[in-house]
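Below: the structure, in structure tokens.
The values are calculated or read from the model by the stated rules, or taken from the named source; none is laboratory data. Source: prediction; values computed, not measured. Glycine gets a Cβ as well: all are built from the backbone with ideal geometry, and neighbour counts include every protein chain shown. The protein model used for the area step is the full one, side chains on, heavy atoms only, and it has no ligands, DNA or RNA in it. Shrake-Rupley method; radii C 1.70, N 1.55, O 1.52, S 1.80 Å.
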Amino acid sequence: MNRDPWLEPWVPLLHRYPKTAEILELSCGPGYDTWFLAQQGFHRITATDIAPEALALTSQRVPAATVLHHDLNDPLPFADQRFGVVIASLCLHYFEWEKTLGIVRDIHRCLADGGLLVCRLNSTGDVHYGATGHREISPHYYEVDGQAKRFFDGGEVLSLFSAGWTTLSMQERTIGRYEKPKVAWEILLTKDATAAL
């Protein structure tokens, strides 16, 4: 089931957070990461996605998860500081820069003080999946097969999380789950307890 075991190295860190803490998974897709988290003993999971068919698959794989239809263009429909952990894998790259900053601020709002954000972002080194050879809308933001996609360099990752976050890890990794190698940033951050964005 675990086609892309990117969360495996972070399981010990995730287990430092109370198992009763709620986990929010943004853009869960067909539920592979949701399933993996449930297998690790995390059962209070809210999984969101824009695609009803993805939510249906997630519900089949993890019946105990709460699934919710949500478009990241819209504000997150959750109370402040509700979640102990937020997972956002390859879902923050479809937006104009200011919109991307706003989504990150909203994630920050929904995280408890000291809560953990685990995310992956397209890298500018992701040449097989759109980082080169496409019409540029704005710097590192391209029209790829009719869809806008953003690719991040290291400075842009740091800028995206410059306020209200402490970075635990920031690594550029190659993902092997697709037909060709995909390059992405893998970032772990905690929400600064005193920060108000």
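Some observations on this one:
- Pairwise label distance in nanometres, His43 with Asp106, each label 7 Å out on the Cα-Cβ vector: 3.1 nm
- Diffusion of region 153-197 by Stokes-Einstein, at 10 °C in a medium of 1.306 mPa s and with Rh set to the Kirkwood radius over alpha-carbon pairs, works out to 133 µm²/s.
- Inter-centroid distance (Cα atoms) of region 141-158 relative to region 11-77, Å: 25 Å
- Phi angles of region 96-106 translate, via the Karplus equation with coefficients 6.51, -1.76, 1.60 and θ = phi - 60°, into HN-Hα couplings of 4, 4, 5, 5, 4, 4, x, 5, 5, 4, 5 Hz per residue; Gly and Pro are given as x.
- Dividing the convex hull volume of the alpha carbon atoms of the chain by its residue count gives 115 Å³ per residue.
- Calculated [θ] (222 nm, deg cm²/dmol) that DSSP helices of n ≥ 4 give over the chain, each run adding -39,500 (n - 2.57): -6000 deg cm²/dmol
- Placed amide H near Val86: partners under 5 Å, 5+ positions off or other chain: Leu24, Leu116, Leu117, Val118
- Once Rg and the Kirkwood radius are both taken over the C-alpha atoms of region 105-197, their ratio Rg/Rh works out to 1.03.
- The fraction of accessible area contributed by carbon and sulfur in region 98-197 is 48 percent, rounded to a whole number (1.4 Å probe; ligands and nucleic acids excluded).
- Anchor Lys99: aspartates and glutamates whose Cα lies under 16 Å away (excluding residues fewer than 8 positions away in-chain): Asp71, Asp74, Glu156
- Rh (Kirkwood; distinct C-alpha pairs) - region 41-111, Å: 13.1 Å
- Long-range HN-HN contacts of Val67 with modeled amide H, under 5 Å: Ala47
- Inter-label distance, Glu136 to Glu179: 2.7 nm, where each label sits 7 Å from its Cα along the C-beta direction.
- Free of any GluC sites (Glu not before Pro) that DSSP assigns to a loop and that have at most 15 other C-beta atoms within 10 Å, the longest stretch within the chain is 1-95.
- Sites count as exposed loop sites when they are trypsin sites (Lys or Arg not before Pro), lie in a DSSP loop, and have at most 13 other Cβ atoms within 10 angstrom; the longest stretch of the chain without one is 20-176.
- With R₀ set to 25 Å, the beta-carbon distance separating Ala21 from Thr167 gives a calculated FRET efficiency near 0.75.
- Only Lys, Arg (+1) and Asp, Glu (-1) charged, at Cβ; the chain dipole about Cα centre in debye: 480 debye
- The residues of the chain expose, per residue, 46 Å² of accessible area to a 1.4 Å probe.
- Put a dot 7 Å past the Cα of Ile50, heading toward its Cβ, do the same for Ala193, and the two dots end up 3.7 nm apart.
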